[in-house]
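Data block below; observations after.
Values quoted throughout were computed directly from the atomic coordinates according to the rules given, and no laboratory measurement underlies them. Bear in mind the structure is a predicted one, so any value in this text is a computation, not a measurement. Cβ placement follows ideal geometry from the backbone for every residue including glycine, while neighbour counts extend to all protein chains displayed.
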Amino acid sequence: MSFRIAGTDGVSLEAERWRTILRRMGHEVTFVAGELDRSGLLIPELHFSHPDVYRVHQMVVDNNVNYKKIEKEIFAMAGVIEGKLREQFRRFKFEKLVVANVFSLPIHFPLAVALERVITEYRIPTVSRNHDFWWERPRYLKSHCFEFFKRWFPPANSLITHVTINSLAQKELKSRQGLESTVVWDSFDFAGRANGLDEYSMHFREDFGLGEKDIIFLQATRIVQRKQIELAVELVRKLGDPRAVLVLAGRDGDESGDYLQKIKRLAKKAGIRHKFIGKRVNGTRKIKEGKRVYTLWDCFANCDWVTYPSEAEGFGNQFVEAVYFKKPIVVNRYPVYRADIEPLGFETVAINGEIARAAVDKTRRWMTDAAGTRKIVEKNFALGVKYFAFEVVEKKLQKLGF
């Protein structure tokens with residue numbers, strides 16, 4: 001269960017992967033969300049963009065209205081959602097629940113209240129997979145809602161077992177809330193499928209006006225400010241290679257503001273070749289208005305490099321995917337990368353918040369040394385199998401009672 005399980009954001013990707021792993025373990029799995037682009041149980045009120053939910057969030061977080069002035073309204077909405085959840089839980093008789101971000105990111109106040117009540121009443125063993133916590137987002141630190149946040153995000157409930165996606169979050173959750181958690185990193189099915197081109201994805205370059213000799217630098221993340229996409233633009237500009245093309249496969253998101261327009265202006269001003277293709281990238285392949293829609297995996301299979309210049313990440317979904325697809329990576333050394341990923345021994349072009357001369361030179365060397373780069377990505381792939389494969393997650397899920 002989450003606000004949405006749709007598109008290519010990290011929560012949706014990991015929900016799909018956990019479903020695959022749990023099915024392999026013999027479980028039947030149902031998605032429950034306020035937005036779905038795959039099979040499951042749709043309850044629109046669970047989405048944070050639902051008009052009443054969004055309005056209350058905006059009043060408290062963006063307009064700094066005192067929480068107590070709308071407390072009654074929040075709990076009234078929680079009652080309505082609780083009724084809808086009760087109805088479905090009676091109908092489906094779920095035996096276990098996996099909740100993604102509902103109890104960690106306070107973007108939907110009423111849902112957290114309603115869901116904890118239902119979990120308690122129906123005595124459902126629950127795993128709360130916490131991708132992002134409120135104390136990691138500056139906008140929540142400015143709010144008057146601390147007591148509400150401390151009570152519900154996440155709640156201390158003996159039926160709820162917590163999962164964090166990195167060691168820094170694990171320590172912070174223990175320090176702030178006194179709650180223990182198990183770290184489960186992002187994953188990929190390293191043993192499951194081919195990571196090359198097929199009959200569908202081989203049309204990618206042609207469809208987007210890219211030549212076979214073009215060097216595609218893929219920015220696969222959502223287009224939001226903390227992804228620091230301006231650094232990807234700067235890298236391609238400094239490379240000065242007419243074959244280099246920055247391809248942006250993500251869309252803007254709930255925290256974007258005018259960042260998408262900023263990056264479009266910046267890319268144009270830098271004079272680099274670039275393509276914004278997010279409208280034709282989705283969770284599943286399809287033909288829409290006579291044009292092929294590609295998956296994120298199709299983008300990875302077709303690119304030559306992956307840029308990952310984020311300021312902060314919960315873990316690093318796109319990093320894991322780049323490793324799986326055997327692509328060289330330019331990565332900013334964000335805190336979780338330094339703490340959890342870098343010590344594992346992956347070889348990357350690492351930057352520290354800026355595109356320094358050394359990073360440009362290293363990228364150029366790798367671009368001209370095909371054999372050496374092949375050895376590097378094969379080494380990274382082997383490390384991915386060791387640390388990020390589905391089999392690693394399955395063992396952790398077994399320990400969590402699945």
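The antiparallel fraction among DSSP beta bridges confined to the chain stands at about 10%. Overall size of region 201-384 from C-alpha positions, given as principal axis extents largest first: 46, 35, 31 Å. Taking θ as phi - 60° and the Karplus parameters 6.51, -1.76 and 1.60, the scalar couplings of region 272-277 work out to 8, 6, 7, 9, 9, 10 Hz in sequence order, x denoting glycine and proline. Size of region 10-184: Rg and Dmax of its alpha carbons, in Å, are 15.8, 48. Amide H contacts for ARG273 (H built 1.01 Å from N in the peptide plane; partners 5 or more residues away or on another chain; cut-off under 5 Å): LEU246.
Modelled this way, with points 7 Å down the Cα-to-C-beta line, the labels at LYS396 and THR20 are 1.6 nm from one another.
Name the shape class, rounded, prolate or oblate, that the alpha-carbon gyration tensor gives for region 265-330, where a ≥ b ≥ c are the square roots of its eigenvalues, rounded holds for a/c under 1.5, and otherwise prolate holds if a/b is larger than b/c and oblate otherwise.
On the way: a/c = 1.84, a/b = 1.14, b/c = 1.62.
In terms of gyration-tensor shape, oblate.
Centroid-to-centroid, using Cα positions, region 229-292 and region 134-171 are 33 Å apart. Between LYS72 and MET202, the modelled label-to-label distance comes to 6.7 nm, taking each label 7 Å out from Cα in the direction of the beta carbon.
How much length, in nm to one decimal, is gained on full extension between ILE287 and SER39, taken as 0.36 nm per residue of separation minus their Cα-Cα distance?
Details: separation 248, 0.36 × 248 = 89.28 nm, distance 1.87 nm.
Result for the pair: 87.4 nm of gain on full extension.
Here is how the number arises for the chain: DSSP H runs of 4 or more residues each give -39500 (n - 2.57), the sum is divided by the residue count, and the result at 222 nm is -12000 deg cm²/dmol. What base-10 log of the normalised intensity I(q)/I(0) is obtained for the chain from the Debye formula, alpha carbons as equal point scatterers, at q = 0.06, 0.09, 0.13 Å⁻¹? Values returned for q = 0.06, 0.09, 0.13 Å⁻¹ are -0.25, -0.56, -1.16.
What's the ranking of 294-303, 364-373 by average number of surrounding C-beta atoms within 10 Å, highest first? Please report the intermediate quantities before stating the final value.
Details: 294-303: 21.4, 364-373: 12.5.
Ranked from most to least packed, the peptides come out as 294-303, 364-373.
Within the listed set PHE149, PHE315, PHE94, the Gaussian network model of the chain (springs between alpha-carbon atoms below 10 Å) gives the highest mean-square fluctuation for PHE94. GNM remark for the chain: springs join alpha carbons under 10 Å apart, and the peak mean-square fluctuation among ASN352, ASN282, ASN63 falls on ASN63.
Given axes a ≥ b ≥ c from the Cα gyration tensor, I'd like to know whether region 39-92 is rounded (a/c under 1.5), prolate (a/b larger than b/c) or oblate. Don't jump to the answer; show the numbers that get you there.
Details: a/c = 4.55, a/b = 1.93, b/c = 2.35.
The shape class here is oblate.
Let me test this: with uniform point scatterers at the alpha carbons of region 68-131, what is the Debye-based log₁₀ I(q)/I(0) at q = 0.12, 0.24 1/Å? Taking Cα atoms of region 68-131 as identical point scatterers yields -0.30, -1.06. Charge dipole (Cα centre; +1 on Lys/Arg Cβ, -1 on Asp/Glu Cβ; no other charges) of the chain amounts to roughly 280 debye. For region 150-162, 3J(HN,Hα) computed residue by residue from phi via the Karplus equation (6.51, -1.76, 1.60; θ = phi - 60°) reads 5, 6, 10, 10, x, x, 8, 9, 4, 7, 10, 9, 9 Hz, glycine and proline entered as x. Computed over the chain with a Gaussian network model linking Cα atoms closer than 10 Å, the most mobile of SER143, SER167, SER310 is SER143. Using the Cβ-Cβ distance between HIS27 and SER167 with R0 set to 35 Å, the FRET efficiency from 1/(1 + (r/R0)^6) comes to roughly 0.80. Distances between placed amide hydrogens fall under 5 Å for ILE215 paired with ALA244, VAL245, all partners being 5 or more residues away or on another chain. Where in region 72-105 does the label zone of MET59 land, with the point 7 angstrom along Cα→C-beta and an amide N cut-off under 13 Å? What the label zone holds, given the 13 Å backbone N cut-off, is 72-78.
Scanning residues 5 or more positions from THR161 or on other chains, those with amide H under 5 Å from its amide H are THR126, VAL127, SER128, with H placed 1.01 Å from N in the peptide plane.
Each residue, LYS375 and LYS268, gets one label point 7 Å from its Cα in the Cβ direction; the gap between the two is 4.5 nm.
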